[in-house]
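Only one structure is covered here, and it is reproduced in the block below.
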Amino acid sequence: MLGGYRIEGRRAAEIAASVERAVGSGELEPGQPLPPMRELAVELGVNPNTVAAAYRILRERGVIETAGRRGSRVRSKPATTGREYARMDVPEGVRDVASGNPDPALLPPLAKAFAAAAEQGDRDPVLYGDALIEPELARIARARLDADGVPDGPPAVASGSLDAIERVLAAHLKPGDTVAVEDPGWGSLLDLIPALGLRTAPVGVDDEGPRAEDVRRALEAGARALVVTDRAQNPTGAAVTAARARALRAVLREHPETLLIEDDHGHGIVDLPLHPLAGVTQHWALVRSVAKAYGPDLRLAVLTGDPVTVDRVTGRHRLGPGWVSRIVQRAVVHLWTDDALDPSAVAAAYRERRDLLIDALAERGVAAHGRSGMNVWIPVPDETGAVARLLHAGWAVSPGARFRMSAPPGIRITVSTLTPEETPLLADAVARALGPAPTRTYV
């Protein structure tokens, strides 16, 4: 049944990891059936419940699907352990609109900021035992959070959004706990959660953010944490509206023990207001990275939250890497205080590119989503076919499998470097790739 591949492991996590490795490497192919649970249990010498738990993990990870008496098989578009395998390799001569990167032309030059930070470091070197966060960075970050209505809380620094989110989850949850996450959602987060030994509970998303009823169902079913992208949701571009924030806060008030994590990575590249959810649960954190606005290689995110959460995060950080380079922190301060930089112009540029593509697609009968950020999400009936046809037409788009658990198929297009001249050409190619079809929506 499995050709030459042998599933291994004694624990559910080990068995699941063995299958995921094989799917990621291609040793187990899409659509390939897996052994019946009892048969595999006998082969491995484990309890059938252990295999059932492994298959459940694989289903939650989007690697396999179960069809009743027909058993379990690798999904036709598996979201494997390494969702990197779902990325599009861009051949020479093909236009890359799949990467998810910001436009380099809209990123500020870093030489001046780092030179100033280095000079400051020469005058005032950072030594062991010094503060973990640059005082001016903390002051500016807290002032901006105050202006956006984020509840008071101590600031801290991590090496990017994902590092911050991982540390917050680890500060409160234990293996086996469930985290409610957006579906479709950030592929790296969908990989991280199971890697921490946690389970995922998918929550549907529309243009206004996570659906309140889906969140309620997930929390009532036992999810202990909820991760919400406030703006520039990846991949759909959703942004939490004031009305949706009220609905979500009402749900969270019913579950005050929920760990709430808000990811505001779009800060600095969006022109929609923030509607924070924080303040209605006992433990919460809000994270802001500088990657999209100032450069992915800066590897810095500011977070705030309730005192217990921030204390646990900083305490554990101190035991590991110690701190995020104060030179990097000081460089970010220089970027934040540079009057020559205009974040509103960056946000306007991305908005214009999104709107041009969404409007062009609408003229061709193709529904698309993207209220904020640098990505546009297009629901499709056949994800693999759409990606292949667009690649043949000279466009590399990102397959939605990287971002989905149970959500319907889609493709993501990054508009960050898309020019007005290219937009109608891309819209024509998408329309041809999808063919005549009724208007589609995602859930």
* Asked: On alpha-carbon atoms, Rg over Rh for the range 111-336 using Kirkwood Rh?
  -> 0.97
* To do: Express in whole angstrom the spacing between the alpha-carbon centres of the range 1-59 and the range 283-328.
  => 37
* To do: Would you kindly state how much longer the chain becomes between residue 254 and residue 118 on full extension, computed as 0.36 nm times their sequence separation minus their alpha carbon distance, in nm to one decimal?
  => 44.1 nm
* Structure fact -> Contour minus Cα-Cα span, residue 246 to residue 65, at 0.36 nm per residue, comes to 61.6 nm
* **Relative contact order [Cα under 8 Å, 6+ residues apart], the chain, whole percent** => 19
* Can you work out the PRE-style zone for residue 14? Point 7 Å along Cα to Cβ, and I want the residues of the range 36-56 with backbone N under 11 Å. => 45-46
* How far apart, in nm, are two points set 7 Å out from the Cα along the Cα-to-Cβ line at residue 43 and at residue 130? -> 5.8
* Inter-centroid distance (Cα atoms) of the range 188-258 relative to the range 93-157, Å -> 27
* **Gain in span if fully extended, residue 143 to residue 170, counting 0.36 nm per residue against the direct Cα distance** => 7.0 nm
* **Inverse mean reciprocal Cα-Cα distance (Kirkwood Rh) of the range 124-219, Å** => 16.0
* Structure fact -> When the charge dipole of the chain is computed with +1 on Lys and Arg Cβ and -1 on Asp and Glu Cβ about the Cα centre, the Cα farthest towards its positive end, among 54, 225, 356, belongs to 54
* Can you give the translational diffusion coefficient of the range 207-334 in µm²/s, computed by Stokes-Einstein from the Kirkwood radius over Cα pairs at 10 °C and 1.306 mPa s? -> 101
* **All-pairs alpha carbon distance profile, the chain, 20 Å steps from 0, percent** => 25, 55, 20, 0
* Asked: DSSP beta bridges in the chain, what fraction antiparallel, as a percent rounded to 5?
  -> 55
* **Restricting the range 215-257 to GluC sites (Glu not before Pro) in coil, as DSSP defines it, with at most 12 other Cβ within 10 Å** => 257
* Structure fact -> Going residue by residue through the range 302-309, the Karplus relation 6.51 cos²θ - 1.76 cosθ + 1.60 with θ = phi - 60° gives ³J(HN,Hα) values, rounded to whole Hz and with x marking Gly or Pro, of 9, 9, 9, x, 5, x, 5, 4
* Structure fact -> For the range 176-233, the Cα-Cα pair-distance distribution in 10 Å bins from 0, as whole percents, is 25, 57, 18, 0
* Structure fact -> Treating every alpha carbon of the range 12-74 as one equal point scatterer without solvent, the Debye formula yields log10 I(q)/I(0) values at q = 0.21, 0.22, 0.25 Å⁻¹ of -0.78, -0.87, -1.12
* Asked: Between residue 25 and residue 364, what FRET efficiency follows from the Cβ-Cβ distance if R0 is 51 Å, with the result rounded to 0.05?
  -> 0.85
* **Size of charge dipole - the chain - debye, nearest 20, with Cβ of Lys, Arg +1 and Asp, Glu -1, no other charges** => 1360
* Can you give the charge dipole size of the range 111-336 about its Cα centre, rounded to the nearest 20 debye, using +1 on the beta carbon of Lys and Arg and -1 on the beta carbon of Asp and Glu? -> 300
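Where a number appears in this text, it was derived from the coordinates with a stated rule and is not lab data. Keep in mind the model is a prediction, meaning the values are calculated, not measured. Because the Cβ atoms are built from the backbone with ideal geometry, glycine has one as well, and the counts that use them run over all protein chains shown.
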